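This report concerns only the one structure given below.
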Amino acid sequence: MARFPSGVAIVTAHDQQGRPHGFTASSLCSLSLDPPLLLVCLATSARCYPVFARSPQFAVSMLRDEHEHTELARRFAGKSPDKFAGGGFVPTPHGGTVVAGALAVVECAVRRRVGAGDHVIILGEAEHVALPEPGGRPAVYVDRGFGSLCDADLARSDTPRGPTP
Ligand SMILES: Cc1cc2nc3c(=O)[nH]c(=O)nc-3n(C[C@H](O)[C@H](O)[C@H](O)COP(=O)(O)O)c2cc1C
């Protein structure tokens with residue numbers, strides 16, 4: 001799977017005291033257009049798992065291929081006791097805590113959790129989407145390293161595009 005490139009996101013949720021928790025995720029996947037569902041997988045061994053096991057909401061911040069964002073991805077994949085202390089987050093009007101300058105933000109209501117091996121699949125319905133301009137380029141994770149897309153023609157009008165949930 002390390003050879004399969006993916007985007008990178010930070011997924012956040014709040015505990016019952018209102019404190020944010022989060023983890024770096026590459027297991028993000030769009031799932032359904034109607035209703036608009038996505039999924040993310042979280043290891044049950046993660047320290048933040050108990051928070052995601054209870055929280056009725058979570059937020060996905062898709063990261064750019066910029067140094068600040070790849071540093072955030074490293075921080076949120078690590079074991080720092082307070083991952084949010086280094087900054088880089090902003091509150092949303094809907095009660096979420098998301099990455100400042102994210103490529104896109106999707107705030108979700110949890111619809112289902114499905115245990116699968118040592119992970120849980122969390123299905124969320126998109127309730128609020130923020131697509132700041134300019135779009136920028138996504139961070140890419142492949143071969144256990146961060147990179148970026150080098151295809152300058154990504155926005156070409158003749159590029160076939162799939163549905164965009
Ligand atoms: C690029 C990248 C993607 C990751 N994707 C996932 C993921 O999709 N699901 C997961 O459970 N852990 C994933 N991880 C590992 C978690 O981010 C890491 O275990 C994190 O420390 C868990 O948070 P914790 O401090 O609550 O244990 C990923 C790590 C990296 C570097």
Net +/- balance of residues flanking Cys108 in space, Cβ distance below 11 Å, scoring K and R +1, D and E -1: -2
Around Arg74: net Lys/Arg minus Asp/Glu count, Cβ-Cβ under 14 Å: 0
Rg/Rh ratio calculated on Cα atoms of segment 79-118 (Kirkwood radius): 1.07
Convex hull of Cα atoms in segment 56-129, direction-averaged projection (nm²): 5.8 nm²
Sparsely packed trypsin sites (Lys or Arg not before Pro) within segment 79-119, loop by DSSP, other Cβ within 10 Å at most 12: Lys79
Cα-centred dipole magnitude for the chain, charges only on beta-carbon of K, R (+1) and D, E (-1), debye, nearest 20: 560 debye
Positive-pole candidate from Gly18, Phe58, Pro93, dipole of segment 6-148, charges at beta carbon: Gly18
Counted charge near Val40, where neighbours are those whose Cβ lies closer than 14 Å (Asp, Glu -1; Lys, Arg +1): +1
Between helix 67-76 and the chain: long-axis angle, C-alpha atoms, 0 to 90°, nearest 10: 30 degrees
Where the Cα pairs of the chain fall when distances are cut into 5 Å bins, in %: 2, 8, 18, 22, 22, 16, 8, 3, 1, 0
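No value in this document is a laboratory result; all are computed from the given coordinates. Remember, it's a predicted structure, so these values are computed and weren't measured experimentally. Neighbour counts are summed over all protein chains in view; Cβ atoms, including those assigned to glycine, are modelled from backbone coordinates with ideal geometry.
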